[in-house]
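The values are calculated or read from the model by the stated rules, or taken from the named source; none is laboratory data. Everything numeric in this text was worked out from a predicted model, so none of it was measured. Here Cβ is always computed from backbone atoms with ideal geometry, including for glycine, and neighbour counts include all displayed protein chains. When the accessible area is computed, the model is the full protein with side chains, heavy atoms only, and any ligands, DNA or RNA have been set aside. Shrake-Rupley method; radii C 1.70, N 1.55, O 1.52, S 1.80 Å.
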Amino acid sequence: GKLGRYPPWPGKIVNPPKDLKKPRGKKCFFVKFFGTEDHAWIKVEQLKPYHPHKEEMIKINKGKRFQQAVDAVEEFLRKTKGKDQASSHNSNEEKNRRNSSEERGKQSTGEEKRKASLSEGKLKKGTGEGKKRVSSVSSERGSKSPLKRAQDQSPRKRGRPPKDEKDLTIPESSTVKRVMTGTVAGFKWPPSVSEPVKDSDPHFHHFLLSQTEKPAVCYQAITKKLKVCEEETGSTSIQAADSTAVNGSITPTDKKIGFLGLGLMGSGIVSNLLKMGHTVTVWNRTAEKCDLFIQEGARLGRTPAEVVSTCDITFACVSDPKAAKDLVLGPSGVLQGIRPGKCYVDMSTVDADTVTELAQVIVSRGGRFLEAPVSGNQQLSNDGMLVILAAGDRGLYEDCSSCFQAMGKTSFFLGEVGNAAKMMLIVNMVQGSFMATIAEGLTLAQVTGQSQQTLLDILNQGQLASIFLDQKCQNILQGNFKPDFYLKYIQKDLRLAIALGDSVNHPTPMAAAANEVYKRAKALDQSDNDMSAVYRAYIH
């Protein structure tokens, strides 16, 4: 019922990165989409030949971005038609030779292309687009469908595309349920490069950040949006990959999942875990919050210790450092359920010292630990569009792949425990300070006789325009402060970010000033309202 409908989208089968695992399940191919430079594993039954469906496809989608994709297809066909004329008339012969000695030539050609594409800063790494192996879809070959050719190919031999990489029509609507919502029009795929994470959703990207000598400042991402960074020489690399969804969705892990904490964020996360087919046991301090999820198929855990002891991977999302420590170290807490092999993932936004302490006690009992705070709000949590910042046990991060895909649109792996906590506090420090500045501007407009609505209209036409700016201004103009992100929690994050600055003797005067305004708002009984209620601290 909630599955939206994307129009078909043109793409071509390409050679996947050599280390990219083919997803389990039905036969599929690695496809690059024209006009977007994005790529994904696509099941064979979702592929259609380009030319026979071209007109139908154009009628369905009148969008500018789609037209650019079609133009890219036509340009590609013009460039390759002459070179591939011979192979266009010999698809059957080439099919029979597909498993012959030409494989070695294909792989070497792909390597050359991969090296060349790095300098372009585009999402072509690992696609192996050797021109000699790419041919256009001619009318004579229309009867030889990609589906038939896909069935002739072994799905287990990675890095071996069909001899003729065909231009295809990909119905994106069937690849993933989660993003087919009202928000999908504004969705942009983040950078992606080369290393696989198991059973990935094509709309979800993992960023694996490896750090050596020092925290690096350069994302060496290959993408249409971010070019290879040449200005800075940090020791950081991001590796990412996607693989296909199965049955129109992700493939849920067969591990038993536990979840502790059903607040604004936790509730949306659990709901999406259940929707995507995960087996989830829930616990909340106030047990009545569990009832809705039990109706949706969750199991009930009586204590945190019981949840941990009966589940393979247990997630927790609570309010602050004290709550996070109590949950682990308190009576019938997480630690009592930990034994060798048990996994604990703390999604709470806390300070690095707290998360490091929790990691140490979990690991000391033989457990595995990952911190994974999330950037977002209640709406993004409900939509499964959170951004996950993870650090700690790399293997556990990969084991959480299907869970992170269910709850988020992107995840970053940031290395050792503590890095995600620091990064999350910095992100929320920026967000909280910006929110206070918005409120300050709107109230200054009001007291100087300027229209607040006009101010918003002007901001929305400028470089500051964003969903966050518009939504928070609308909250203020409508006097609607129903919590999407509790004011008390953004103040807590500002406080912790200021302490982080103190720990390294780094000035945070903007955050400190914003923090004082939020403290004033808390004194005015705004703690349980949305962060946009900081506006009320400015009203005389």
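For the residues Leu329, Leu335, the requirement of being farther than 27 Å from Ile498 by Cβ, open to solvent by 20 Å² or more (accessible area, probe 1.4 Å), in contact (Cβ under 8 Å) with a residue 24 or more places away in the chain and hydrophobic (A, V, I, L, M, F, W, C) singles out Leu335. Residue count for the range 285-312, restricted to those that are over 15 Å from Lys342 (Cα atoms) and open to solvent by 20 Å² or more (accessible area, probe 1.4 Å): 15.
Residues are listed down the side, and each one gets a yes or a no for (1) out of contact with any Cys (no Cβ under 6 Å at 6 or more places or on another chain); (2) part of a helix (DSSP H, G or I); (3) open to solvent by less than 80 Å² (accessible area, probe 1.4 Å):
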| residue | (1), (2), (3) |
| --- | --- |
| Ser433 | yes, yes, yes |
| Ile438 | yes, yes, yes |
| Gly441 | yes, yes, yes |
| Gly449 | yes, no, yes |
| Leu455 | yes, yes, yes |
| Asn460 | yes, yes, yes |
| Gln463 | yes, no, no |
| Leu477 | yes, yes, yes |
| Phe481 | yes, no, yes |
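Of all residues in the range 300-326, none satisfies the criterion of being under 27 Å from the mean Cα position of the chain (by Cα) and of a type in the set (Lys, Arg).
Could you grab me the full set of residues in the range 483-493 that are open to solvent by 50 Å² or more (accessible area, probe 1.4 Å) and of a type in the set (D, E, K, R)? Break it down stepwise before answering.
Quick first cut of the range 483-493, residues open to solvent by 50 Å² or more (accessible area, probe 1.4 Å) only: 486, 488-489.
Selection gives Lys488 alone.
Show the residue pairs meeting these rules: Cβ distance below 8 Å; 6+ apart or different chains; first residue within the range 302-318 and in contact (Cβ under 8 Å) with a residue 60 or more places away in the chain; second residue open to solvent by less than 20 Å² (accessible area, probe 1.4 Å) and part of a helix (DSSP H, G or I). Cβ pairs passing all conditions: Ile313/Leu396; Ile313/Cys403; Phe315/Ile269; Phe315/Cys403. Can you tell me how many residues in the range 1-23 are surrounded by fewer than 15 Cβ atoms within 10 Å (Cβ to Cβ), within 21 Å of the chain's Cα centre (by Cα) and at pLDDT 65 or above? Looking only at that region, the number is 1.
Every test in (1) more than 16 Å from Gly408 (Cβ to Cβ); (2) in contact (Cβ under 8 Å) with a residue 60 or more places away in the chain is passed by Phe293 save one, and that test is (2).
Thr281: open to solvent by 30 Å² or more (accessible area, probe 1.4 Å), of a type in the set (S, T, N, Q) and on the phi < 0 side of the Ramachandran plot, yes or no? So Thr281 fails the test.
Annotation note: of Glu45, Glu75, Glu56, the sole residue that is out of contact with any His (no Cβ under 8 Å at 6 or more places or on another chain), open to solvent by 10 Å² or more (accessible area, probe 1.4 Å), within 22 Å of Asn15 (Cα to Cα) and modelled with pLDDT under 75 is Glu45. The set of residues from the range 259-290 being outside any helix (DSSP H, G or I) and within 21 Å of Asp484 (Cβ to Cβ) comprises Phe259, Gly261, Leu262, Gly263, Asn284, Thr286.
Determine which member of the set Asp484, Asp502, Asp493, Asp457 is within 25 Å of Ser348 (Cα to Cα), without any contact (Cβ under 8 Å) to a residue 12 or more places away in the chain and touching a Ser or Thr at 6+ places or on another chain (Cβ under 9 Å).
Working: Asp484 fails: without any contact (Cβ under 8 Å) to a residue 12 or more places away in the chain; Asp493 fails: without any contact (Cβ under 8 Å) to a residue 12 or more places away in the chain; Asp457 fails: within 25 Å of Ser348 (Cα to Cα).
It is Asp502.
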